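Here the structure is laid out as structure tokens; the discussion comes afterwards.
The values are calculated or read from the model by the stated rules, or taken from the named source; none is laboratory data. Keep in mind that what you see is a predicted model, and the values were worked out from it rather than measured. Glycine gets a Cβ as well: all are built from the backbone with ideal geometry, and neighbour counts include every protein chain shown. Side chains included, ligands, DNA and RNA excluded: accessible areas come from the protein's heavy atoms. Shrake-Rupley method; radii C 1.70, N 1.55, O 1.52, S 1.80 Å.
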Amino acid sequence: MNSLRLREQVYGWLLAGPFVLTLVVFFLYALVRTVYFSFTEYDLFSEAVWVGLNNFVALFKDDLFLLALGNTVAFSVIVTVIQTVLALGLAILVNSKIRGKSFFRTAFYLPSILSSAAVTLIFIWFYQKNGYLNGFLTSVAANSPYLTCFVITAVICQLVLVWRDRIRGLPASWFDPAWAILSCMIAAVITLVGSMTGLVEASSHVVEVNWLNTREDVGPMPLTLWAIVIQNIYTTIPTFMLLFLAGLQGIPEELYEATRIDGAKKWQQHWHITIPQLAPVTFVVITFGIIGTLQMFDQVALLGAAAPLESRITLAYYVYHNAFPPGGTPQIGMASAASLVLAFITLVVVYIQKIFGVKEKADV
């Protein structure tokens, strides 16, 4: 038995050896060196000089670091919340009984297998001043009078038709599909008549938003980072959708059948069954989302000169910018200190989320 156990241990270490070696060299050794360099002044070419906590003090006096810190926290919160909600919604959609379900699953997952560099280059073209996004917004603005007329008319017709049925004592819903179709038809006719008679005219407004090459702030972040938010969500939602989809398929159908017998509606089933049962998956999705957004680097780096540094700086890119400054002297000490701050923030946020946020186990 001892010989057999020893043989199993040897085989186990042989199989795990490459991974353990990689972990030791590229993580533990790198971590120790980073901690050491964070207390030194080092430029890759001369001997490291011990400076103690000077690098950390200098960080919090550096306006660019404070800007990167604020951008990173805002970016992480916004992207994690939006991508989690949208991924769950898409997972519920493709898990439902609809035609072409396999096609939609494939189509929704496709962005996650695309190259990040290729997607970034496409989005750079997409966000140009004369690019597709501004062209699309110009078309929406030009047709906004027609859209406004159609929506207002359809809502008024729907309210009148449903109100009339309720006065008669009929159990009509405010979202009755039959009346909704009739309301849309009436709204389309009225909008067409208004267009032909000149009562409703198209707008001549041209949208020319400078999405990238700007230092304008919109809310808690620069406009450029909002553009990256859209890009990041587009590429990360499919993976999280797949995780939620796996979780949905593991929920017992008997739970939904019991609630249907009790007369629960769809939204009540999702609120009281789907979301609590998906707690472990949601914990994984939020944890991965937090870590990924706090360490987001490639999409910012690939923008290059297409956007000012102040409008796209994040903590991960701040580390790179100090380690490899364009035309300057590397500041490895500052970069190492900033990377440790980033690692500390990531650990703290994930730990807080674990304690006060989503549960790791589903409610039984």
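For GLU41, which of the numbered conditions (1) acidic (Asp, Glu); (2) loosely packed, with under 11 Cβ neighbours inside 10 Å; (3) modelled with pLDDT of 90 or more fails to hold?
(2)
Are any residues in the range 67-83 open to solvent by less than 60 Å² (accessible area, probe 1.4 Å) and either in contact with a Phe, Trp or Tyr (Cβ under 7 Å, 6 or more places away or on another chain) or hydrophobic (A, V, I, L, M, F, W, C) (or both), and if so, which ones?
Hits for the range 67-83 are ALA68, LEU69, ALA74, PHE75, ILE78, VAL79, GLN83.
Of the residues LYS354, LYS359, which single one is modelled with pLDDT under 80, within 22 Å of the chain's Cα centre (by Cα) and in a helix (DSSP H, G or I)?
On the way: LYS359 fails: in a helix (DSSP H, G or I).
On inspection, the qualifying residue turns out to be LYS354.
Residues PRO325, PRO276, PRO330: which one is in a helix (DSSP H, G or I) and surrounded by fewer than 18 Cβ atoms within 10 Å (Cβ to Cβ)?
The match here is PRO276.
Of the conditions (1) closer than 28 Å to ALA91 by Cβ; (2) part of a helix (DSSP H, G or I); (3) open to solvent by 90 Å² or more (accessible area, probe 1.4 Å), MET196 fails just one. Which one is it?
Result: MET196 passes all but (1).
Among the residues of the range 28-36, is any within 16 Å of ILE332 (Cα to Cα), open to solvent by less than 70 Å² (accessible area, probe 1.4 Å) and in contact (Cβ under 8 Å) with a residue 40 or more places away in the chain?
yes
For VAL229, all conditions in the list (1) open to solvent by 30 Å² or more (accessible area, probe 1.4 Å); (2) hydrophobic (A, V, I, L, M, F, W, C); (3) in contact (Cβ under 8 Å) with a residue 40 or more places away in the chain; (4) out of contact with any Ser or Thr (no Cβ under 6 Å at 6 or more places or on another chain) hold save one; what is the number of the exception?
Of the numbered conditions (1) open to solvent by 30 Å² or more (accessible area, probe 1.4 Å); (2) hydrophobic (A, V, I, L, M, F, W, C); (3) in contact (Cβ under 8 Å) with a residue 40 or more places away in the chain; (4) out of contact with any Ser or Thr (no Cβ under 6 Å at 6 or more places or on another chain), the odd one out for VAL229 is (1).
Is it the case that the range 105-121 has a residue that's surrounded by 19 or more Cβ atoms within 10 Å (Cβ to Cβ), over 29 Å from PRO222 (Cβ atoms) and over 18 Å from the mean Cα position of the chain (by Cα)?
Among the residues of the range 105-121, at least one is surrounded by 19 or more Cβ atoms within 10 Å (Cβ to Cβ), over 29 Å from PRO222 (Cβ atoms) and over 18 Å from the mean Cα position of the chain (by Cα), which makes the answer yes.
MET196 passes all but one of (1) aliphatic (A, V, I, L, M); (2) more than 30 Å from LEU303 (Cα to Cα); (3) in contact (Cβ under 8 Å) with a residue 12 or more places away in the chain; which number fails?
Of (1) aliphatic (A, V, I, L, M); (2) more than 30 Å from LEU303 (Cα to Cα); (3) in contact (Cβ under 8 Å) with a residue 12 or more places away in the chain, only one is false for MET196: (3).
Taking the range 279-302, which residues are crowded, with 16+ Cβ neighbours inside 10 Å and without any contact (Cβ under 8 Å) to a residue 40 or more places away in the chain?
Across the range 279-302, the qualifying residues are VAL281, ALA301.
Before we move on, is TYR146 in contact (Cβ under 8 Å) with a residue 12 or more places away in the chain, in contact with a helix residue (DSSP H, G or I) (Cβ under 6 Å, 6 or more places away or on another chain) and open to solvent by 70 Å² or more (accessible area, probe 1.4 Å)?
So TYR146 does not fit the description; no.
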